[in-house]
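The values are calculated or read from the model by the stated rules, or taken from the named source; none is laboratory data. In this text the structure is predicted, and so the values were computed from the model without any measurement. Methodologically, a virtual Cβ is constructed for each residue, glycine included, from the backbone with ideal geometry; neighbour enumeration extends over all protein chains shown. Note: accessible area is taken over every heavy atom of the protein model, side chains too, but ligands, DNA and RNA are not part of it. Shrake-Rupley method; radii C 1.70, N 1.55, O 1.52, S 1.80 Å.
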Amino acid sequence: MQLNLRPELDTDYQPIESLLDSAFGGQYESQLVNRIRNTPEYINDLTLVAVAGEQIVGFIMLSYVTLVSAHTESQVLSLAPVAIMPTYQKRGIGGRLIQESIRIAEHRGDPLIVLLGHADYYPRFGFERASLHNIYPPVDWPDQTYMVRTLSKFTADLEGKIRYSPAWKIV
Ligand SMILES: CC(C)(COP(=O)(O)OP(=O)(O)OC[C@H]1O[C@@H](n2cnc3c(N)ncnc32)[C@H](O)[C@@H]1OP(=O)(O)O)[C@@H](O)C(=O)NCCC(=O)NCCS
């Protein structure tokens, strides 16, 4: 299958919304994406679609969140959501999108990617438990599901709690 990965365009918003709603079976993720697009946390270079033929079959968004350390605050990346159209899942497309976004983040010089996700899936891309680096979510999510991917600009002083903006509606 010929697959093209590229940043999203305005004209992709509607098919992306349908894809997210069918992959997740609800609207939280599509509405989250819509809200993030309207904040300074949005990064077009890291909001990618996977296109097969003319059809959008996959989507990934990385956006800024804040790592609050004892004396400083740093911008790091949050990976969410990633989704593949149900009929195209388990063909490696999710993996391609994740690897491509890691490559772009490395190239940009970002230090770190955080995510909340399936503990069986992300370690193959170099994600590990965030708590191993003294990095913690804002609320009490299960330890093995909160993960980080350190990039070459990562330094050990990057530790603390991740703060999500109101767009995430995390209480
Ligand atoms: C999770 C998702 C993005 C993976 O994309 P994909 O293209 O289907 O995955 P890939 O083909 O790259 O990889 C397939 C592998 O992922 C694993 N996988 C897929 N969904 C998984 C899940 N929910 N939990 C654990 N592993 C999962 C498969 O078991 C398979 O493992 P294997 O290679 O050991 O057999 C996709 O299945 C999806 O959109 N799911 C619904 C939305 C979702 O849950 N998003 C992630 C939120 S954390």
*Contact order normalised by residue count of the chain, Cα under 8 Å, 6+ apart, percent*: 21 percent
*For region 2-16, just list the computed ³J(HN,Hα) in residue order, Karplus coefficients 6.51, -1.76 and 1.60, θ = phi - 60°, integers in Hz, with x standing in for Gly and Pro.*
6, 10, 10, 9, 7, x, 5, 10, 3, 6, 8, 4, 5, x, 5
*By accessible area of protein heavy atoms, probe 1.4 Å, what ranking do Asp21, Asp157, Asp45, Asp140 get, highest first?*
Asp140, Asp157, Asp45, Asp21
*Which longest run of the chain has no exposed loop site in it, a site being trypsin sites (Lys or Arg not before Pro) in a DSSP loop with at most 13 other beta carbons within 10 Å, and the site itself not part of the run?*
1-89
*List, in order, the whole-Hz ³J(HN,Hα) value for each residue of region 42-51 obtained from phi through the Karplus relation with A = 6.51, B = -1.76, C = 1.60 and θ = phi - 60°; use x for Gly and Pro.*
6, 10, 4, 4, 10, 10, 10, 10, 9, 10
*asked:* Under 5 Å between amide hydrogens, which residues at least 5 positions from Gly160 or on another chain qualify, with H placed 1.01 Å from N in the peptide plane?
replied: Ile135, Tyr136
*Once amide H atoms are placed 1.01 Å from N in the peptide plane, what residues at a sequence separation of 5 or more from Glu8, or on another chain, have their amide H within under 5 Å of its amide H?*
Thr47, Leu48, Val49
*Once Lys and Arg get +1 and Asp and Glu get -1 on their Cβ, which of Asn4, Asn44, Ser18 lies farthest toward the positive end of the dipole of the chain?*
Asn4
*asked:* Just to confirm, what accessible area per residue do you get for the chain at 1.4 Å probe, in whole Å²?
replied: 51 Å²
*Compute the long axis of helix 93-108 from its Cα atoms, compare it with the longest principal axis of the Cα atoms of the chain, and write down the angle in degrees, 0 to 90, nearest 10.*
50 degrees
*Using θ = phi - 60° and the Karplus form 6.51 cos²θ - 1.76 cosθ + 1.60, what ³J(HN,Hα) does each residue of region 118-129 get, whole Hz, x for Gly and Pro?*
6, 5, 7, 8, 7, x, 5, 9, x, 7, 9, 4
*Taking all protein chains as present, what is the carbon and sulfur share of the accessible area of the chain, in % to the nearest whole number, probe 1.4 Å?*
50 percent
*Charges only on Cβ, +1 for Lys and Arg, -1 for Asp and Glu: so what's the dipole of region 22-145 about the Cα centre, in debye to the nearest 20?*
320 debye
